[in-house]
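What follows is a single structure, written as structure tokens, with notes after it.
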Amino acid sequence: MFRRKNDEIEVLLAHPGGPFFVRADDGVWTIPKGEAAPGEDLLTRAQIEFEEELGFRPESVQQWIQLGWIQQKGGKIVHAWAFEGDLPEPFECKSNLFELEWPPRSGKHQSFPEVDRACFFSDKAARRKLKSRQVPFLDRLRVALTDRNTDPTRSRATIS
């Protein structure tokens, strides 16, 4: 999700929940994402994951902008789309939970949110906060928006 504020683009990023990222900030934020089943429509999965990780379903998206894919350090392939919108006021991040043995080797399991907060960031701040392998999505979004602004007949922007 992105929004325009004071003639600038801001992007929504999600901070991973759980005990490993409590004090981590720069370089750990991510786009809302999840795993698709084989053969599943990737845009549909992205829409579902957005709602599951943030607890908010955008209802009136005018256009989904395909941003292609990247490969994260661990090998996971991430496909991304962007859309223009904003969070409702007031907004409280309500993510799905996952279970983890915590503390390690304690035999105790605790539930943690997949995402513990979501915030809009300027392009400059987002580049610092975002996982480094996901930064190309910011570049692709900027290109797609520039292309869309120079060619108003384009109804769906796509970046490879």
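Here A125 meets each of (1) more than 13 Å from the chain's Cα centre (by Cα); (2) free of Cβ contacts under 8 Å to residues at least 60 places away in the same chain; (3) open to solvent by 40 Å² or more (accessible area, probe 1.4 Å) with one exception, condition (3). Return yes when R57 is within 22 Å of F120 (Cβ to Cβ) and of a type outside the set (V, I, T) and no when it is not. For R57, the condition - within 22 Å of F120 (Cβ to Cβ) and of a type outside the set (V, I, T) - is met.
Here G39 fulfils each of the conditions (1) in contact with a Leu (Cβ under 9 Å, 6 or more places away or on another chain); (2) assigned to a loop (DSSP other than H, G, I, E, B); (3) not charged (D, E, K, R) apart from (1).
If you filter the stretch 95-116 down to residues that are charged (D, E, K, R) and touching a residue at least 24 places away in the same chain (Cβ under 8 Å), you find that the one that is surrounded by the most Cβ atoms within 10 Å (Cβ to Cβ) is E114.
Looking at the stretch 72-94, can you tell me whether even one residue there is farther than 20 Å from D25 by Cβ, among the β-branched types (V, I, T) and in contact (Cβ under 8 Å) with a residue 12 or more places away in the chain? Scanning the stretch 72-94, I find at least one residue that is farther than 20 Å from D25 by Cβ, among the β-branched types (V, I, T) and in contact (Cβ under 8 Å) with a residue 12 or more places away in the chain, so the answer is yes.
Just give me the residues in the stretch 138-149 being crowded, with 17+ Cβ neighbours inside 10 Å and closer than 11 Å to I65 by Cα, in sequence order. Even if it seems obvious, please write down each step before you answer.
Residues of the stretch 138-149 that are crowded, with 17+ Cβ neighbours inside 10 Å, as a first pass: 138, 140-141, 144-145.
Selection gives R140, L141, A144, L145.
The C-beta contact set for the stretch 1-29 (first residue in a loop (DSSP other than H, G, I, E, B), second residue among the acidic types (D, E), distance under 6 angstrom, 6+ apart or interchain) comprises G17/E114; G17/D116.
Against the numbered list (1) under 23 Å from K131 (Cα atoms); (2) under 14 Å from the mean Cα position of the chain (by Cα), P58 comes up short only at (1).
Within the stretch 50-94, the set of residues being of a type in the set (S, T, N, Q) and surrounded by 14 or more Cβ atoms within 10 Å (Cβ to Cβ) comprises Q63, Q66, Q72.
Quick check on my filter: what residues within the stretch 3-41 are surrounded by 14 or more Cβ atoms within 10 Å (Cβ to Cβ) and of a type in the set (A, V, I, L, M, F, W, C)? Result: I9, V11, L12, L13, A14, F21, V28, W29, I31, A36.
The values are calculated or read from the model by the stated rules, or taken from the named source; none is laboratory data. Values in this document were obtained by computation on a predicted structure and should not be read as measured data. Heads up, the Cβs are rebuilt from the backbone with ideal geometry, glycines too, and the neighbour counts pull from every protein chain shown. In case anyone asks, the SASA skips ligands and DNA or RNA and just uses the protein heavy atoms, side chains included. Shrake-Rupley method; radii C 1.70, N 1.55, O 1.52, S 1.80 Å.
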